[in-house]
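Encoded as structure tokens, the structure appears first; notes follow it.
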Amino acid sequence: MTIPPTALRGSLFLIAAITTAFGTMAPGFAATSANAQVQNDSSLSLPQALDDLASQRYAQRQAASQAVEKALAKQMQQMLNAAGPERQARIRKLLDFNIYLSRWAKAIMQMPPSQQQAMLQWGLQPNVLRWVGRAFSSSPADRAAATHPLANIPGAPSDWILQKLLADPHRQVYLNAMDALWDRKPTAQMVATLWRRAVLLGITPMPMNTGPKAVVNFRGQRITLQPMVNYWMQIQDGPLAARELVHWHPKLLATLMVSYLKKISMETPGFNQAMPNVLATPSNLQARSFQQLFLLYKPKEAVPYLLRLAHQNAYQNVNFSFNNKPQHWSNRTEPLYLLTIMAGWKPAQSNLHIGTLYGGIWITSTLKQEDDAIKKITAWFKAHGQTAAPDTTQTKPHNKPPFVVHGTTLPASLSR
């Protein structure tokens with residue numbers, strides 16, 4: 001059944017308002033009915049009304065705003081007067097579509113002015129507009145349905161929307177986006193988004209802020225409202241993100257890994273770091289993803305920061321016996337393993353072997369073996385002109401005691 005013209009006018013009014021506001025009109029879309037509606041109600045043309053919204057005169061701004069609002073309301077009224085359940089069902093979809101277009105328009109307004117025109121003209125193409133609407137839908141299923149069609153459209157405009165879908169907080173959406181983007185050349189933002197999902201989400205099921213805070217005053221009591229989601233289920237998608245990054249093999253990833261190692265190596269060691277040190281617990285999914293990605297690149301720029309991490313205090317210190325054999329790992333074990341690979345050594349040269357517990361991670365038998373291996377690998381890198389990165393923090397406490405690792409005082413360059 002064809003949607004009646006009166007029902008279409010509401011959507012066309014919004015499209016006309018958007019295109020007029022951005023100073024362009026896409027082929028196939030006319031502003032005639034919307035323009036006439038404003039003209040009839042307020043003796044203002046649509047372009048004039050939108051121009052007047054930026055007037056320096058308050059009264060003129062108010063009059064223009066009221067004129068456009070009134071015209072919108074009348075268009076909605078005409079749509080709602082349509083008879084028949086089938087028409088009303090279609091009109092409900094059109095009303096939703098208006099909302100989605102509004103979200104798209106607001107997103108465009110956040111872009112640099114030089115990009116807004118191109119984005120608008122691209123999105124208003126008949127074969128694209130449908131998927132643009134779905135991409136900005138409130139329904140996760142609709143947003144997910146837009147991922148593959150948009151991925152089949154080359155160019156920066158579709159990259160922009162696909163990045164939003166890739167960073168979507170809903171698993172149904174971002175997993176579909178990951179699948180759709182598998183064979184597409186990623187943008188820097190796409191790489192950073194999957195890097196965050198693969199490594200940076202954390203190692204415990206903590207809440208994630210998905211929106212701005214709001215404060216409600218109830219009888220003098222301030223109540224903070226903050227939309228939250230539990231991303232425990234999202235953490236298990238880290239290996240999937242790492243798999244896609246391996247497939248993409250982007251050069252940017254090496255830079256992100258080195259930057260991450262620098263950040264965590266310069267923070268005060270412990271469990272209260274601003275950025276979680278996933279290497280401190282090598283059995284977690286994020287550490288496994290990091291190891292997989294790191295061994296793909298082996299960036300030599302990472303060595304000074306790995307040395308620094310290897311010389312931190314073993315605040316995560318696990319010692320146990322399995323089958324009557326001593327087992328040990330700490331927050332220094334994974335950096336030791338990565339340094340061993342960077343040196344071209346076999347793991348056994350650093351007293352490392354696979355531990356059957358904790359999912360098969362690299363461990364030593366004792367803490368002493370780990371200490372000895374760290375000293376040995378540090379000496380090797382020093383002989384090859386590489387040492388631990390110096391402390392680059394802005395402020396340092398006065399009269400700070402030496403940094404001690406199990407009774408061994410480190411050089412001043414490693415003191416924190």
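Data for the structure
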quantity: Hits in the range 41-86 (condition: of a type in the set (D, E, K, R) and modelled with pLDDT of 75 or more); calculated: ASP51, ASP52, ARG57, ARG61, GLU69, LYS70, LYS74
quantity: Matching entry among SER283, SER289, SER321, SER265 (being modelled with pLDDT under 90 and either out of contact with any strand residue (DSSP E or B) (no Cβ under 8 Å at 6 or more places or on another chain) or on the phi < 0 side of the Ramachandran plot (or both)); calculated: SER283
quantity: Number of the condition not met by LYS106 [criteria: (1) at pLDDT below 85; (2) in a helix (DSSP H, G or I)]; calculated: (1)
quantity: Every residue from the range 299-349 that is hydrophobic (A, V, I, L, M, F, W, C) and in a loop (DSSP other than H, G, I, E, B); calculated: ALA314, ALA343, TRP345
quantity: Scan of the range 63-77 for residues that are of a type in the set (S, T, N, Q) and either within 39 Å of the chain's Cα centre (by Cα) or not in a helix (DSSP H, G or I) (or both), ordered by number; calculated: SER65, GLN66, GLN75
quantity: Helices (runs of 4 or more DSSP H) fully within the range 118-203 counting 1 or more residues that are surrounded by fewer than 19 Cβ atoms within 10 Å (Cβ to Cβ) and at pLDDT below 90; calculated: 126-135, 140-151, 171-180
quantity: Residue identified as among the polar types (S, T, N, Q) and in contact with a helix residue (DSSP H, G or I) (Cβ under 7 Å, 6 or more places away or on another chain) among GLN312, GLN286; calculated: GLN286
quantity: The range 351-367 residues that are more than 15 Å from PRO335 (Cα to Cα), paired with ones that are among the hydroxyl-bearing types (Ser, Thr, Tyr) and part of a loop (DSSP other than H, G, I, E, B) (beta carbon under 7 Å, 6 or more apart); calculated: TYR358/SER283; GLY359/SER283
quantity: Residue match in the range 325-338 (condition: surrounded by fewer than 19 Cβ atoms within 10 Å (Cβ to Cβ), touching a residue at least 24 places away in the same chain (Cβ under 8 Å) and not β-branched (Val, Ile, Thr)); calculated: yes
quantity: Where ASN317 falls short, out of the listed (1) surrounded by 14 or more Cβ atoms within 10 Å (Cβ to Cβ); (2) under 24 Å from VAL258 (Cα atoms); calculated: (2)
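Residue-by-condition table, conditions (1) in contact with a Leu (Cβ under 9 Å, 6 or more places away or on another chain); (2) at pLDDT 95 or above; (3) surrounded by fewer than 16 Cβ atoms within 10 Å (Cβ to Cβ); (4) over 30 Å from LEU252 (Cβ atoms):
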position: ASN313; (1), (2), (3), (4): no, no, no, yes
position: GLY344; (1), (2), (3), (4): no, yes, yes, no
position: GLN349; (1), (2), (3), (4): no, yes, yes, yes
position: GLY355; (1), (2), (3), (4): no, no, no, yes
position: ALA383; (1), (2), (3), (4): no, yes, yes, yes
position: PRO390; (1), (2), (3), (4): yes, no, yes, no
position: THR395; (1), (2), (3), (4): no, no, yes, yes
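The values are calculated or read from the model by the stated rules, or taken from the named source; none is laboratory data. Being a predicted model, the structure only gives us computed values, none of them experimental. As a convention, Cβ positions derive from the backbone with ideal geometry for all residues, glycine included, and neighbour counts pool all protein chains shown.
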